[in-house]
Amino acid sequence: MRNTSIDLLDHTPRAVVAIGTDYPQGHLLPSHSHRRAQLLYGATGVMQVSTTNGRWVVPSQRAVWIPPQVAHEVLMLGVSTRSLYIEPAAMPALGDQCQVISVSPLMRQLLMEAVDLPLAYDKDGRDGALINLLLHELNRTTCLPLHIPLPETPRLLTLCQAFLQQPNAHQSPEQWAQQLHISLRTFNRLFREQTGMSFVQWRQRACVVRALTRLAAGEAVTRIALDFGYDSPAAFSTMFRRVAGQPPSAYLETGA
C-alpha cells in the first residue's frame, strides 16, 4: 500500500502491514503512537525521530525501530519511506526501545517489494514467505550509534537541549558542573546515571547526530566542523569516524 494511514489498516488480519509514503521536505509528523510495532525505513533523505527518552537521526537507507505504544515525533527531510507495522505477537527480538538499525541490501529489496503486496496477502504462498524472510532479516540487523539520550533532571535537560541547538566541541564537564553549582565528581556521576554515557561520549555522539542532518542538507564538512568548534575538518572527521564507523563524506552514501 502507498500513501495511506496505518489507522485505516490497523485491523487488517495479517501480522505485517507494509506502507510506502512520500513526504515533502520539512514535513513534521506530530507526536503519536501505534498499536503495532513500526519499522520505519527511509529510502531517501533523513528522518529525525524524537521521544521523551531521546532523539535519533536516521540517514537514508537506514531504518528506525519503534516499539508499540511509544509516542514519537518525526521530522521528514526529503524522505520516501517504507514502513512495516508488525503485530506485537509477531515482533522480532529488537527490544522495547527505539533504535536506528542497519538495512542489508536484501532487506532493502524486500521492503521495496513488500509495499506492493496485496493488503490481505497469501500467508501460505510466495507473499507470505517474503514477509517471513523480512522478519528473519530484522532479527539479524545491528544497532547504529545514532541515538542522543536525554536526561530527566530538568536543569541538566535544559543544558543538553541548548547544546543540541548549538553544538560546541569545546564545552567541558567542568563548565556544565559550574552552571549546575555541583562538583565535577557529582556532575559526572549524575550525567552517566541520566544518559548512560560519559559527558565526552555524549558530546561526540550529539555532534555526529546533528552533523548528519546538516550533511543531508548539502552543507560542507568544513562548515559544520568549524561551526561545532573543531580546530579543523580533519579533527572533526576523525571524531566522526570513531563514533559512527565511517567518515562523514561516506556515511550518507552507502547502506552499510
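The values are calculated or read from the model by the stated rules, or taken from the named source; none is laboratory data. Computed from a predicted model, the values in this text were never measured in an experiment. Here the Cβ is made from the backbone with ideal geometry for all residues, glycine too, and neighbour counts use every protein chain on show.
Okay, here's what the table says:
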{"quantity": "Long-range neighbours under 8 Å by Cβ, at least six apart or interchain, first residue touching a residue at least 12 places away in the same chain (Cβ under 8 Å) and part of a loop (DSSP other than H, G, I, E, B) within region 222-239, second surrounded by 15 or more Cβ atoms within 10 Å (Cβ to Cβ) and of a type in the set (A, V, I, L, M, F, W, C)", "calculated": "228/169; 228/207; 228/211; 228/236; 229/169; 230/169; 230/236; 230/239"}
{"quantity": "Condition check for residue 40: touching a Ser or Thr at 6+ places or on another chain (Cβ under 9 Å) and within 16 Å of residue 135 (Cα to Cα)", "calculated": "yes"}
{"quantity": "In region 182-192, residue surrounded by the most Cβ atoms within 10 Å (Cβ to Cβ) [restricted to those that are assigned to a helix (DSSP H, G or I) and either under 29 Å from the mean Cα position of the chain (by Cα) or of a type outside the set (D, E, K, R) (or both)]", "calculated": "191"}
{"quantity": "Top-ranked residue of region 19-46 - restricted to ones that are at pLDDT below 95 and aliphatic (A, V, I, L, M), ranked as surrounded by the most Cβ atoms within 10 Å (Cβ to Cβ)", "calculated": "46"}
{"quantity": "Unique residue being closer than 29 Å to residue 129 by Cβ and either in the same structural domain as residue 160 (by TED's automatic domain parsing) or not in a strand (DSSP E or B) (or both) when the list is 103, 70", "calculated": "103"}
{"quantity": "Residue tally, condition of a type outside the set (A, V, I, L, M), assigned to a strand (DSSP E or B) and closer than 22 Å to residue 101 by Cα, over region 1-56", "calculated": "16"}
{"quantity": "Restricting region 136-181 to residues that are of a type in the set (Val, Ile, Thr) and either touching a Ser or Thr at 6+ places or on another chain (Cβ under 7 Å) or surrounded by 19 or more Cβ atoms within 10 Å (Cβ to Cβ) (or both), the residue that is modelled with the highest pLDDT", "calculated": "148"}
{"quantity": "Which numbered condition residue 120 misses (of (1) surrounded by 13 or more Cβ atoms within 10 Å (Cβ to Cβ); (2) touching a Lys or Arg at 6+ places or on another chain (Cβ under 7 Å))", "calculated": "(1)"}
{"quantity": "Some residue of region 194-205 being out of contact with any Phe, Trp or Tyr (no Cβ under 8 Å at 6 or more places or on another chain), under 21 Å from residue 42 (Cβ atoms) and not hydrophobic (A, V, I, L, M, F, W, C)", "calculated": "yes"}
{"quantity": "Unmet criterion (only one of (1) surrounded by 14 or more Cβ atoms within 10 Å (Cβ to Cβ); (2) touching a helix residue (DSSP H, G or I) at 6+ places or on another chain (Cβ under 9 Å)) for residue 106", "calculated": "(1)"}
{"quantity": "Condition check for residue 145: more than 30 Å from residue 107 (Cα to Cα), touching a residue at least 40 places away in the same chain (Cβ under 8 Å) and within 20 Å of the chain's Cα centre (by Cα)", "calculated": "no"}
{"quantity": "Qualifying residue in region 202-216 (condition: surrounded by fewer than 16 Cβ atoms within 10 Å (Cβ to Cβ) and either in a helix (DSSP H, G or I) or outside the structural domain of residue 58 (by TED's automatic domain parsing) (or both))", "calculated": "no"}
{"quantity": "Count of residues meeting criterion [more than 19 Å from the chain's Cα centre (by Cα), closer than 16 Å to residue 16 by Cβ and touching a residue at least 24 places away in the same chain (Cβ under 8 Å)] in region 84-115", "calculated": "8"}
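Rundown of residues vs (1) within 27 Å of residue 199 (Cα to Cα); (2) in the same structural domain as residue 217 (by TED's automatic domain parsing); (3) touching a strand residue (DSSP E or B) at 6+ places or on another chain (Cβ under 6 Å); (4) in a helix (DSSP H, G or I), yes/no style:
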| site | (1), (2), (3), (4) |
| --- | --- |
| 78 | no, no, yes, no |
| 85 | no, no, yes, no |
| 92 | no, no, no, no |
| 95 | yes, no, no, no |
| 110 | no, no, no, yes |
| 123 | no, no, no, no |
| 133 | no, no, no, yes |
